[in-house]
Amino acid sequence: MIRVIAIDDHELILSAVSDELSKQQDIELVGTADHGSQLHDLVREKSPDVVILDLGMAGEVFDPITAVKTLLKEHPKVRVLILTGELEPAYVQYLVEAGASGYIFKSDKFSGSLSQAIRTVFSGERFYSPSVMNIVLGKGKEIPKLTDQELQVLRLVAQGFQNNRIGETLGLSEKRVKNILTDIYQKIGIEEDGDINMRVFAVNKARELGLLLR
């Protein structure tokens, strides 16, 4: 029996996942959660073989890339299957590199393929829904390589956090946050200019590049 947990902030998605898996004789949904912050506790409690994970979680600061890396470091035998409405090329690439075994775009009619995806990743293979495949094969635009910390800072900037609050959230000094922002500006190809709002410009450019979840 393949043990599965699902984390998604939409009740309808969790219900659809539950309905789909209840029809499978070899798959058991052993736990669900609606907040990304519950991920690690739920894995420790339920010992799943496969984790189904959404990316954007309403009402909380959740970094899925760091979460996947940390989870797989602590539980290397667990398989992570992303199930999301986000199709940003950068996030697909970063999550695949972080160790996610599969990525399903919700608009690709996941219901029929979810059980197949679970069996595929459980067996040690990869599974990508049709809309994801071209991105995985490298047919998208070139994506700047940001570190986990840079992505965390960029996401907080996009949420309107000022440098001091970003520092408090991530355990960094305000000076360190400023230095990280300078590195981000260079990597995404914008030059610092005192006459424009660099933070707004950086967020807009990051969205254009697909570095931020919508």
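The values are calculated or read from the model by the stated rules, or taken from the named source; none is laboratory data. The structure presented is a predicted model; accordingly, all values stated were derived computationally and were not measured. All Cβ positions, even for glycine, are placed from backbone atoms using ideal geometry, and neighbour counts span all protein chains on display.
Among the conditions (1) within 17 Å of the chain's Cα centre (by Cα); (2) farther than 25 Å from residue 22 by Cβ; (3) touching a residue at least 60 places away in the same chain (Cβ under 8 Å), residue 149 misses just one, which is (3). Report yes if residue 125 is under 18 Å from residue 5 (Cβ atoms), at pLDDT 90 or above and of a type in the set (Asp, Glu), otherwise no. Considered against the rule, which asks whether it is under 18 Å from residue 5 (Cβ atoms), at pLDDT 90 or above and of a type in the set (Asp, Glu), residue 125 comes out as no. One residue is enough: does region 132-139 have a residue meeting the conditions modelled with pLDDT of 85 or more, buried (at least 18 other Cβ atoms within 10 Å of the Cβ), touching a Leu at 6+ places or on another chain (Cβ under 9 Å) and not assigned by TED's automatic domain parsing to the domain that holds residue 100? Taking every residue of region 132-139 in turn, none turns out to be modelled with pLDDT of 85 or more, buried (at least 18 other Cβ atoms within 10 Å of the Cβ), touching a Leu at 6+ places or on another chain (Cβ under 9 Å) and not assigned by TED's automatic domain parsing to the domain that holds residue 100. Looking at region 1-119, the helices (runs of 4 or more DSSP H) lying wholly inside it that each contain 3 or more residues that are surrounded by 17 or more Cβ atoms within 10 Å (Cβ to Cβ) and without any contact (Cβ under 8 Å) to a residue 40 or more places away in the chain sit at 39-46, 64-74.
The residues on offer are 197, 163, and the sole one that is surrounded by 13 or more Cβ atoms within 10 Å (Cβ to Cβ), free of Cβ contacts under 8 Å to residues at least 24 places away in the same chain and either among the polar types (S, T, N, Q) or assigned by TED's automatic domain parsing to the domain that holds residue 95 (or both) is 163.
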